[in-house]
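Here is the structure we will look at.
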Ligand SMILES: Cc1cc2nc3c(=O)[nH]c(=O)nc-3n(C[C@H](O)[C@H](O)[C@H](O)COP(=O)(O)OP(=O)(O)OC[C@H]3O[C@@H](n4cnc5c(N)ncnc54)[C@H](O)[C@@H]3O)c2cc1C
């Protein structure tokens, strides 16, 4: 790594590195192939405080800044890309409560999120509305001291084993633009009218269950409306997704780094034509490109994280980091497969997992096509003629 870490960052990242080497990397492929939820890893993550990684200390979290958080996420993803998915949308939910919730909501939810007692994620997407968030149809109608939710949500990470979600719903279907009628609720399982659908089978990002959520006259207390005021939900989500994009960018770095590290090892062990393949210049070119782009991806990701820590909106920076680092994960995992030859294509090595895990990063947290639109929009805003 070209960047020098502070002693505190060294300590935190070192702890996570050991956790990954001892408890994630050795079981990742086995759990991935069995599509098995990592219960034991979740328990250890609770002990390490990772469910409260970016939650302020006064609310029971460990209060990491986003820069250190990005380093932690890179480490976790190096072991298994699914693992930071356990905390990504969970911490987005926490960010929404922390940043836009009332003090009563912060006190009620954040300590429980930080301990992992209440954990879950973000429920935005629907079967007919992914990139176009304003097209959602799930409704929330006020009725006395509660809201009645009807509709469904698609692709929800942590839906099976999570218990609490930040739900985006329409409290007014007639506003122009539509986002003015969108509100955010914290919802909990265990009440009538809230059902979880089947586990959706996926190419990668296994272990974590992705499911549809169904709501039929599901009643949510009015006090669970984030901020206590209707109409702010879309704005909350757009601000929160910046932190999600930093997480996804860092996951891209983790997969790219795992691909590079495996390739460096293998290229020095595998021999062809009387010498290690690391001595062939075409292999050296691959290693040099992978390492150089990894450092460039880190610079972009750390710059976005640092800007978020400074309290700025970072659509441009987080968009660039997410775009570059996730395309890099795809590219590096494919290069690692080429370097490993036939072995890279088998389940004997983790490369096939890196290759199957990478495409989700291109799609989640806003597709990379959408990132390009966001980047261009911000550029045109910043440099008008
Ligand atoms: C495994 C997994 C986990 C997920 N977890 C969650 C979760 O926890 N919570 C949640 O809310 N959502 C989640 N999602 C949903 C994810 O955020 C969406 O899949 C993503 O935003 C894309 O939406 P879509 O699938 O509807 O694709 P669409 O929006 O239908 O897009 C299809 C294609 O069209 C392109 N496109 C769309 N609009 C434009 C445009 N204006 N210009 C150019 N190209 C465009 C897209 O880039 C894409 O290539 C998850 C998805 C997956 C696969």
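Readers should treat all values here as calculations from the given coordinates under stated rules, not as data from a laboratory. Here the structure is a predicted model, which is why all the values come from computation and not from measurement. Note that we place each Cβ from the backbone using ideal geometry, even for glycine, and neighbour counts take in every protein chain shown.
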- Task: Kindly indicate which of 159, 169, 173 is in contact with a helix residue (DSSP H, G or I) (Cβ under 7 Å, 6 or more places away or on another chain) and either within 13 Å of the ligand (Cβ to nearest atom) or in a loop (DSSP other than H, G, I, E, B) (or both).
- Result: 173
- Task: Go through 296, 318 for me and flag whichever is more than 16 Å from the ligand (Cβ to nearest atom) and either touching a residue at least 12 places away in the same chain (Cβ under 8 Å) or closer than 21 Å to residue 78 by Cβ (or both).
- Result: 296
- Item | Scan of segment 199-226 for residues that are assigned to a loop (DSSP other than H, G, I, E, B), under 17 Å from residue 162 (Cα atoms) and touching a residue at least 60 places away in the same chain (Cβ under 8 Å), ordered by number | 205, 206, 207, 208, 209
- Query: So which residues in segment 26-46 are under 17 Å from residue 258 (Cα atoms), more than 19 Å from the chain's Cα centre (by Cα) and surrounded by 12 or more Cβ atoms within 10 Å (Cβ to Cβ)?
  - Reply: 27, 29
- Message: I need the full set of residues from segment 116-133 which are away from the ligand (no atom under 13 Å from the Cβ) and surrounded by 16 or more Cβ atoms within 10 Å (Cβ to Cβ), in order please.
- Response: 116, 118
- State yes or no: is residue 311 out of contact with any helix residue (DSSP H, G or I) (no Cβ under 9 Å at 6 or more places or on another chain) and not in a helix (DSSP H, G or I)? yes
- Task: Mind counting the residues in segment 31-72 that are more than 16 Å from the ligand (Cβ to nearest atom) and under 24 Å from residue 294 (Cβ atoms)?
- Result: 12
- Message: Restricting to segment 182-203, and then to whatever is touching a helix residue (DSSP H, G or I) at 6+ places or on another chain (Cβ under 9 Å) and surrounded by fewer than 20 Cβ atoms within 10 Å (Cβ to Cβ), can you tell me which residue is nearest to residue 355 (Cα to Cα)?
- Response: 203
- Message: Between a residue in segment 342-355 that is more than 22 Å from residue 252 (Cβ to Cβ) and any residue that is loosely packed, with under 14 Cβ neighbours inside 10 Å, which pairs come within a Cβ distance under 7 Å, given they are 6 or more apart or on different chains?
- Response: 347/33
- Note on the structure: Condition set buried (at least 20 other Cβ atoms within 10 Å of the Cβ) and in a loop (DSSP other than H, G, I, E, B), scope segment 134-156, selection farthest from the ligand (Cβ to nearest atom): answer is 138
- Item | Verdict on residue 87 being farther than 25 Å from residue 356 by Cα and under 21 Å from the mean Cα position of the chain (by Cα) | no
